[in-house]
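For reference, the structure discussed in these notes is given below.
The values are calculated or read from the model by the stated rules, or taken from the named source; none is laboratory data. Note that the structure is predicted; figures quoted are calculated from it, not measured. Glycine gets a Cβ as well: all are built from the backbone with ideal geometry, and neighbour counts include every protein chain shown.
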Amino acid sequence: MEHPENHEKYKGLTVNAGIEQPSSVNPFFKRKPRKSLRPVSEYVDGILKGDITMLSQAVTLVESMRHEHQQVAQEVIEKCLPHSGKSMRIGISGVPGAGKSTSIDVFGLHVLERSAGKLAVLAIDPSSERSKGSILGDKTRMEKLSVHPDSFIRPSPSAGSLGGVARKTRETIILCEAAGFDKIFVETVGVGQSETAVHSMVDFFLLIQLAGTGDELQGIKRGIMEMADGIIINKADGSNIDKAKLAATQFRNALHLFPAPESGWTPKVLTYSGFYGTGIKEIWDMIYEYIDFVKDNGYFQIRRNQQSKYWMYESINEQLRESFYNNPIIEEMLPQKEQLVLQRNLTSFVAAKNLLDAYFDQMKK
């Protein structure tokens, strides 16, 4: 390209052509070939031997959205299923800042030091609604457990699923049990809808509360209280001991207002300090007492059967949703119907009915 400044009428002014610009792509860059998937039998054998690396890779496949990964993952889960179901599953929830991660670190270390076995912690990390990313930093708050040889900590992104509960957590539990982990902790993001999903995959639901942060009655919400099998008040140390005891009394009084749980168990309210590690033994005694209680009266198996049925229906709903939105006809019609709704030429309900009718008509063919 000629520069106008080089015209003869601009004597004394010249513009050099410059040098050729290098390519923006590094000529020495070589894309690494994508790793091929292992045979299903290799994953299964590794998991049954307790190979943490193989377990981690299998969990990654479970969490993956790629179709080929999901096919392998489902085969691995199916073969591991007969070796699962022998663990004690504990859900741990509480308001943000209640000390869930610190408490899990202390709880886990306590049970590993006092009994044989292995512990898996499935920590659900909230995904950003904007970037869809997660920090996955729970391990940094579980300093002792993260280096313990008998523990496995797996932070998982919530990926926009119900209330922050990872979509594939239940399947991950099966893999961990097949790998020999006899105690499973499932940590939720915080008090909200996520508790419903976690309650449907654990044997004991533990609710962590705080005292001295305002009106304790704010923490007494009927839904979450009815799900809790045990309530513990954290940070019962120093000048906060009396406040923690008062909060425990208020929670005990509130529990009497609710109907008796289906299990027949009366939830207990205890105080402890995760930072100083006091009151931890009493909490584990309560958990073991509950497990023995529900196994004796038969509710333990009833609850597990209810959970299996619940997740069957959840899987059906999920598959139907994916099938609907990935349907080529629906993908084509959806933007058109959306515009008609926004232009007020069609109601939301009629638009939805038209889309569903088109979907089911295609299914009949």
### Task
Select from the stretch 89-110 the residues that are buried (at least 20 other Cβ atoms within 10 Å of the Cβ) and of a type in the set (A, V, I, L, M) and write down the one among them that is farthest from G277 (Cα to Cα).
I90
### Query
Just to be sure, is S348 more than 30 Å from K268 (Cα to Cα), of a type in the set (G, A, S) and out of contact with any Leu (no Cβ under 9 Å at 6 or more places or on another chain)?
yes
## Note on the structure
The condition of being touching a residue at least 60 places away in the same chain (Cβ under 8 Å), surrounded by 11 or more Cβ atoms within 10 Å (Cβ to Cβ) and not acidic (D, E) holds, among Y290, Y299, only for Y290
### Task
Check off (1) modelled with pLDDT of 85 or more; (2) surrounded by fewer than 16 Cβ atoms within 10 Å (Cβ to Cβ); (3) not in a loop (DSSP other than H, G, I, E, B) for E5 and give me the number that stays unchecked.
(1)
### Query
Is it the case that L13 is surrounded by 10 or more Cβ atoms within 10 Å (Cβ to Cβ), at pLDDT 75 or above and not assigned by TED's automatic domain parsing to the domain that holds E177?
no
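For the stretch 55-73, enumerate the residues that are farther than 14 Å from F181 by Cα and surrounded by 14 or more Cβ atoms within 10 Å (Cβ to Cβ).
Initially, the stretch 55-73 is screened for residues farther than 14 Å from F181 by Cα, giving 57-73.
Within the stretch 55-73, Q57, A58, V59, L61, V62, E63, S64, H69, Q70, V72, A73 meet the criteria.
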